[in-house]
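Engineer: Here it is, the structure, as structure tokens.
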Amino acid sequence: MEKYLFMRGVLKRLAEDRFLCRGVAIGLKVGAAMIVLFSLTTFFSAGRLIFDLSANGIPGGVLFEVFYVLAVYAAAHTLLLRSQDADAVRSGEFVALRLAPVVIRGLAEAYAAFVALVAIGGGLFVWFTNLGVEKVLDPVTRSFFPTVRENPSFMGGIEFMVSGVVTAFAVLLVAYVLAEALQFATRSLRPAEAVRNGAEDRLRARFGS
């Protein structure tokens, strides 16, 4: 019966440092692929809308598409880069705590890049078309901007840009503080002897003794 039960093996594998790091790295890569996949709906919907815009509004639709593509690229590439960092985390004590800052930074950086660039593109879209951003953003993407009101005016475009950039910066700042707090906690949990030995090794390497 034991050979048909697989959870013991799964738990054993999860306890292995390299397996955990590799799994997190793969998860970030999958996240990057999902971003690209789900972005296609918004991209093609906005592309169809461009053909229905007036001559004055078409530049706004084109600029939104450009910034949206840049946003998707920035978010996906960020997660791919952070996946390499996760895979490079060395085995040892507190591996999950050492992995957490990488994941937190990666998710926050991807979110901030996506939101900031989409906010700029969305604001330009509003300026040129006098339409609300809900015309080009699907409900999932729209949920990344919870504090923005629908205001298809020049000031509404500015509000969308500013709120998106400020939200991106705030999320990035909070994530970096949390990541550094976890790194500090990891260092403080290291045994004093290990810290002392590490310092001695660095001194020997520096002075060649």
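Engineer: Can you tell me which residue within the stretch 43-82, out of those that are among the small types (Gly, Ala, Ser) and crowded, with 20+ Cβ neighbours inside 10 Å, is nearest to the chain's Cα centre (by Cα)?
Structural biologist: Among those that are among the small types (Gly, Ala, Ser) and crowded, with 20+ Cβ neighbours inside 10 Å, it is ALA75.
Engineer: Being closer than 15 Å to VAL140 by Cβ and either touching a residue at least 40 places away in the same chain (Cβ under 8 Å) or of a type in the set (Asp, Glu) (or both) is the filter here; which residues of the stretch 27-38 pass it?
Structural biologist: Quick first cut of the stretch 27-38, residues closer than 15 Å to VAL140 by Cβ only: 31, 34-38.
Once the filter is applied, which keeps residues that are closer than 15 Å to VAL140 by Cβ and either touching a residue at least 40 places away in the same chain (Cβ under 8 Å) or of a type in the set (Asp, Glu) (or both), the stretch 27-38 yields GLY31, ILE35, VAL36, PHE38.
Engineer: Somewhere in the stretch 112-123, is a residue over 18 Å from the mean Cα position of the chain (by Cα), closer than 30 Å to ASP17 by Cα and modelled with pLDDT of 85 or more?
Structural biologist: Here is the first cut: in the stretch 112-123, the residues over 18 Å from the mean Cα position of the chain (by Cα) are 121-123.
Remaining after also requiring closer than 30 Å to ASP17 by Cα: none.
No, the stretch 112-123 contains no residue that is over 18 Å from the mean Cα position of the chain (by Cα), closer than 30 Å to ASP17 by Cα and modelled with pLDDT of 85 or more.
Engineer: For the stretch 25-42, does any single residue satisfy the condition of being surrounded by fewer than 18 Cβ atoms within 10 Å (Cβ to Cβ) and hydroxyl-bearing (Ser, Thr, Tyr)?
Structural biologist: Within the stretch 25-42, one or more residues are surrounded by fewer than 18 Cβ atoms within 10 Å (Cβ to Cβ) and hydroxyl-bearing (Ser, Thr, Tyr).
Engineer: Under 9 Å by Cβ, and 6 or more places apart or on different chains, what pairs join a residue from the stretch 132-146 that is of a type in the set (Gly, Ala, Ser) with one that is open to solvent by 30 Å² or more (accessible area, probe 1.4 Å)?
Structural biologist: Filtered contacts from the stretch 132-146: GLY132/GLU150; GLY132/ASN151; GLY132/PRO152.
Engineer: Among the residues in the stretch 154-163, are any over 22 Å from the mean Cα position of the chain (by Cα), crowded, with 17+ Cβ neighbours inside 10 Å and of a type outside the set (Gly, Ala, Ser)?
Structural biologist: Yes: one or more hits.
The values are calculated or read from the model by the stated rules, or taken from the named source; none is laboratory data. This one's a predicted model, so the numbers in the text were calculated from it and none came from an experiment. Glycine gets a Cβ as well: all are built from the backbone with ideal geometry, and neighbour counts include every protein chain shown. Only protein heavy atoms, including side chains, enter the accessible area calculation; ligands, DNA and RNA are left aside. Shrake-Rupley method; radii C 1.70, N 1.55, O 1.52, S 1.80 Å.
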